[in-house]
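The values are calculated or read from the model by the stated rules, or taken from the named source; none is laboratory data. For clarity, every value in this text was computed on a predicted model and none was experimentally measured. Positions of Cβ are generated from backbone atoms using ideal geometry, with glycine treated the same way; all protein chains shown enter the neighbour counts. Ligands, DNA and RNA are excluded from the accessible area calculation, which covers all protein heavy atoms including side chains. Shrake-Rupley method; radii C 1.70, N 1.55, O 1.52, S 1.80 Å.
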Amino acid sequence: MSKKLTKRSDDYSKWYNELVVKADLAENSAVRGCMVIKPYGYAIWEKMQAQLDKMFKETGHENAYFPLFVPKSLFEAEEKNAKGFAKECAVVTHYRLKSDPDNEGKLIVDPNAKLEEELIVRPTSEAIIWSTYKNWIQSYRDLPILINQWANVVRWEMRTRLFLRTAEFLWQEGHTAHATESEAVTESLLMQRVYAEFAEDFMAMPVVKGAKTESERFAGALETHTIEALMQDGKALQAGTSHFLGQNFAEAFDVKYVTKEGKQELVWATSWGVSTRLMGGLIMTHSDDAGLVLPPKLAPIQVVFVPIYKNEEQFEAIAEKVTEIADQLKAKGVSIKFDKRDTLRPGAKFAEWELKGVPLRIAMGARDLENGTLEIARRDTFEKQSVAQEDAVETVVSLLETIQEELFNKAKDYRNEHTTVVDTFEEFKDVLENKGGFISAHWDGTEETENKIKELTKATIRCIPLDALEEEGKCVYSGQQSSKRVLFAKAY
């Protein structure tokens with residue numbers, strides 16, 4: 001199959017879809033709207049998962065696991081949450097199949113195996129978890145509960161795209177219980193900060209921390225804190241959310257605790273999550289027309305060695321030197337691939353590893369062996385340099401750090417260049433149509449204006465930035481008074 005990709009400038013959406021498949025990250029499955037994550041794609045997700053898990057545990061959280069199925073009565077206990085997810089729910093109504101008497105070898109649903117109560121395949125786990133917390137919490141001594149779950153969820157989507165929006169996806173969901181409102185709010189902001197640090201320090205993806213408007217909040221939340229990133233096509237991506245749930249779920253499931261003073265109080269709650277959608281963000285933030293560009297901290301393979309030889313004798317000599325350097329790099333924590341395949345020419349190998357985004361490629365031939373050199377090529381800039389073999393380890397370690405930093409700076413520069421301050425609706429529409437990116441504009445705070453702008457332009461308020469300055473102005477659409485600017489964009 002040809003590895004050549006559609007250019008981003010020709011068709012960004014087609015480029016993305018082709019890249020995900022051709023780089024062996026994922027593919028569509030036999031189940032409509034669901035995906036198969038292939039080993040290379042899953043290796044990237046595992047690196048994300050491992051780092052996030054480490055960060056969660058460093059902030060005092062523990063992992064647990066809760067059921068995939070939620071009884072309908074529990075699901076609908078918190079009305080706003082149930083209403084918000086109702087249209088996306090997959091529902092189990094029967095527990096058995098039987099042979100079709102009219103069609104040999106086929107199965108039908110056994111009408112006598114109808115469940116007394118339907119089970120919802122979890123779109124999110126607040127209901128099942130808070131019904132459990134009721135049994136865990138009696139006293140202030142039982143608080144806080146800081147639980148995270150790595151799981152899959154199902155949200156029935158009609159229009160799907162690999163990683164960005166699928167009917168089933170992988171994620172983590174944190175669910176915490178606290179004695180006071182201030183503790184819960186602090187927790188929600190803490191996890192937003194953890195997500196932002198992960199996105200910027202590991203994904204090299206700059207984000208804006210902010211709060212969602214009321215209409216954009218998670219169903220059942222009093223406040224939703226978000227991190228918003230900007231992709232290369234000028235569209236925004238919600239990369240992670242952390243929700244202050246107040247006492248809504250504690251009230252719905254009657255979760256109370258006895259205070260030090262002997263009074264009964266409702267518990268305060270948060271939930272927070274990121275998903276395999278981050279894979280889409282990683283791809284779209286850095287990759288180019290030649291394929292993936294992966295930040296070294298998340299690349300499954302950080303350095304690939306490609307030997308160039310004419311006969312077995314040359315290969316053996318090159319392999320010996322490569323193994324020596326590779327072992328030194330492994331000792332420094334660098335992940336290595338020695339591409340020994342004799343079924344592909346070096347040029348084909350170069351193209352494959354470019355497509356898969358390996359940060360550094362090292363080529364070594366017979367002449368390099370004689371001269372004591374090797375050639376190092378950077379995936380992000382395509383720059384090549386000849387390096388003395390004795391300096392290879394130090395050079396590689398330094399280059400990996402440089403690539404990580406420069407990918408972040410490049411993405412940040414793009415975001416800054418594509419964040420535009422506007423004061424009129426004509427400016428707003430012009431920027432949206434011809435430039436894209438984040439638009440910083442005044443908003444009057446009403447849902448009516450928010451909806452009208454969305455209807456007219458397809459742009460939504462991505463967030464009210466946490467660092468937004470108090471600034472008197474007039475709403476870009478209605479002309480009414482406004483005290484601060486918000487960020488608008490078209491979004492995934």
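Carbon and sulfur together cover what percent of the accessible area of the chain at a 1.4 Å probe radius? All intermediate terms of the calculation are to be shown ahead of the outcome.
Values: 11110 of 23550 Å².
Roughly 47 percent of what the probe reaches on the chain is carbon or sulfur.
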Interchain or long-range residues, amide H under 5 Å from T160's placed H: none
Can you give me the long-range amide H partners of D288? Hydrogens built in the peptide plane at 1.01 Å from N, cutoff under 5 Å, separation of 5 or more residues or another chain. V293
Can you tell me, using C-alpha contacts under 8 Å and at least 6 residues apart, the relative contact order of the chain as a whole percent? 13
For the stretch 392-400, in order, what is each residue's ³J(HN,Hα) by Karplus, 6.51 cos²θ - 1.76 cosθ + 1.60 with θ = phi - 60°, in whole Hz (x at glycine and Pro)? 4, 4, 4, 5, 4, 4, 5, 5, 4
The rounded separation in angstrom of the Cα centers of the stretch 261-327 and the stretch 385-403 is 18
Within the stretch 287-301, name every residue whose backbone N is under 14 Å away from a label modeled 7 Å from Cα of A50 along the Cβ vector. 296-301
Nothing charged except the Cβ atoms of Lys and Arg (+1) and of Asp and Glu (-1): what's the magnitude of the dipole of the stretch 372-492 about its Cα centre? Round to the nearest 20 debye. 480
Near K452, which aspartates and glutamates are there with a Cα under 19 Å away, not counting those fewer than 8 places off in the same chain? E214, E216, D423, E426, E427, D430, E433, D444
Net lengthening on full extension, E405/E447 (0.36 nm per residue, minus Cα-Cα): 11.2 nm
In nm, the gap between the two label points placed 7 Å beyond Cα toward Cβ at T424 and K57 is 5.8
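For the pairs K14/K47; K14/K454; K38/K310; K80/K212, note any where the Cα-Cα span goes beyond 22 Å. Write out the running numbers ahead of the final one.
On the way: K14/K47 27 Å; K14/K454 25 Å; K38/K310 34 Å; K80/K212 16 Å.
Violating the 22 Å Cα-Cα cut-off are K14/K47; K14/K454; K38/K310.
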Straight distance only, please: which aspartates and glutamates reach the Cα of K330 with their own Cα at less than 14 Å, same-chain residues fewer than 8 apart left out? E394
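Given a Förster distance of 41 angstrom, what is the FRET efficiency for D102 paired with E79, based on the Cβ-Cβ distance and rounded to 0.05?
Numbers: r = 43 Å, r/R0 = 1.06.
FRET efficiency, D102 to E79: 0.40.
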Per the 1/(1 + (r/R0)^6) rule, R0 = 56 Å and r from the Cβ atoms of F69 and E312, FRET efficiency to 0.05 is 0.45
Rounded tilt (10° steps) of 126-136 against the dominant C-alpha axis of the chain: 70
Per the rule of 0.36 nm per residue minus the C-alpha distance, extending K454 to Y95 adds in nm 124.9 nm
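Once the Cβ-Cβ distance between L115 and E470 is put in as r, and R0 is 41 Å, what FRET efficiency do you end up with, to the nearest 0.05? Kindly include the intermediate steps, with their values, before the conclusion.
Numbers: r = 54 Å, r/R0 = 1.33.
For L115 and E470, the calculated efficiency is 0.15.
Can you give the extra length, in nm with one decimal, that the chain gains between T395 and A331 once fully stretched, where that is 0.36 nm per residue apart less the Cα-Cα distance?
On the way: separation 64, 0.36 × 64 = 23.04 nm, distance 1.48 nm.
Taking T395 through A331 to full extension adds about 21.6 nm, to one decimal.
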Got a sec to turn the phi values of the stretch 345-362 into Karplus ³J(HN,Hα) couplings, 6.51 cos²θ - 1.76 cosθ + 1.60 with θ = phi - 60°, whole Hz, x for Gly and Pro? 6, x, x, 5, 5, 4, 4, 5, 6, 5, 4, 8, x, 4, x, 10, 10, 10
For the chain, find the longest principal axis of its Cα atoms and tell me its angle to the long axis of helix 277-286, 0 to 90°, nearest 10. 40
Dipole of the chain, positive end: most advanced residue of N103, T395, T176 [Cβ charges, Cα centre]: N103
